[in-house]
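Heads up, the thing below is written out as structure tokens.
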Amino acid sequence: LGTYVSLDGVKIIFNHENLGLASSANQALQECRGKWVMRVDADDVLLPGTLNQLIQFGNEKEADIVYPAFHEIDEIGRYIRIGRSDESHHAGCALMRREFLQELKFRDGLKIGDSAELYERAKQLGKIEYYPGFTWLYRRHAESLTAIQR
């Protein structure tokens, strides 16, 4: 297991070895205590002021997962395209009810495709909502995990 460091109420977890994205997310999920969780991947950007909007929407809709719309950008921040909330089921920057996700969990050992795999199981077991507003930037670049695994 990882090393834990607490900084201003934020717990940072360092893995001693590469567990993969899904297993690392599950390890972090064990430490979560709030009603909602969100995984923000290192190369993506959560837009300022949008988290509260997502939480309010999730609470109003009594959702288990909220997928927001996003802007896809290139490595230097140029806009490539708009990603609708109902077309991409990327776990990064999706708002997820902690209790639901702790039951569902990411599929341990997956190196790629964890978002699609989670979505397929979640849509059978939970309530999914789609927030039409743009809340994050999805960065596409040659060094991303998706690009490297192709």
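The values are calculated or read from the model by the stated rules, or taken from the named source; none is laboratory data. Computed from a prediction, not measured in an experiment: that's the story for all the values here. No Cβ is skipped: glycine too gets one built from the backbone with ideal geometry, and neighbour counts run over all protein chains shown. Just so you know, the surface numbers come from the protein's heavy atoms only, side chains and all, with ligands and any DNA or RNA stripped out. Shrake-Rupley method; radii C 1.70, N 1.55, O 1.52, S 1.80 Å.
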Exercise for the section: State whether one or more residues within region 102-121 are touching a residue at least 12 places away in the same chain (Cβ under 8 Å), in contact with an Asp or Glu (Cβ under 6 Å, 6 or more places away or on another chain) and in a strand (DSSP E or B). Expected result: no
Problem - Odd one out for His16 among (1) closer than 16 Å to Ile128 by Cα; (2) open to solvent by 60 Å² or more (accessible area, probe 1.4 Å); (3) part of a loop (DSSP other than H, G, I, E, B) - result: (1)
Problem - Residue among Ala69, Ala91, Ala116, Ala63 that is surrounded by 13 or more Cβ atoms within 10 Å (Cβ to Cβ), touching a Leu at 6+ places or on another chain (Cβ under 6 Å) and closer than 26 Å to Gly34 by Cβ - result: Ala91
Exercise for the section: Assess whether Asp43 counts as being of a type in the set (D, E, K, R), assigned to a loop (DSSP other than H, G, I, E, B), modelled with pLDDT of 90 or more and surrounded by 11 or more Cβ atoms within 10 Å (Cβ to Cβ). Expected result: no
Problem - Complete set of residues in region 46-81 that are out of contact with any strand residue (DSSP E or B) (no Cβ under 7 Å at 6 or more places or on another chain) and part of a helix (DSSP H, G or I) - result: Leu51, Asn52, Gln56, Asn59, Glu60
Problem - Close pairs (7 angstrom Cβ cut-off, 6 or more residues apart or separate chains): within 22 Å of Ala63 (Cβ to Cβ) and open to solvent by 90 Å² or more (accessible area, probe 1.4 Å) in region 131-150, polar (S, T, N, Q) and modelled with pLDDT of 90 or more anywhere - result: Pro132/Ser85
Exercise for the section: Take Gln102 and decide whether it is over 19 Å from Ala22 (Cα atoms) and more than 13 Å from the chain's Cα centre (by Cα). Expected result: no
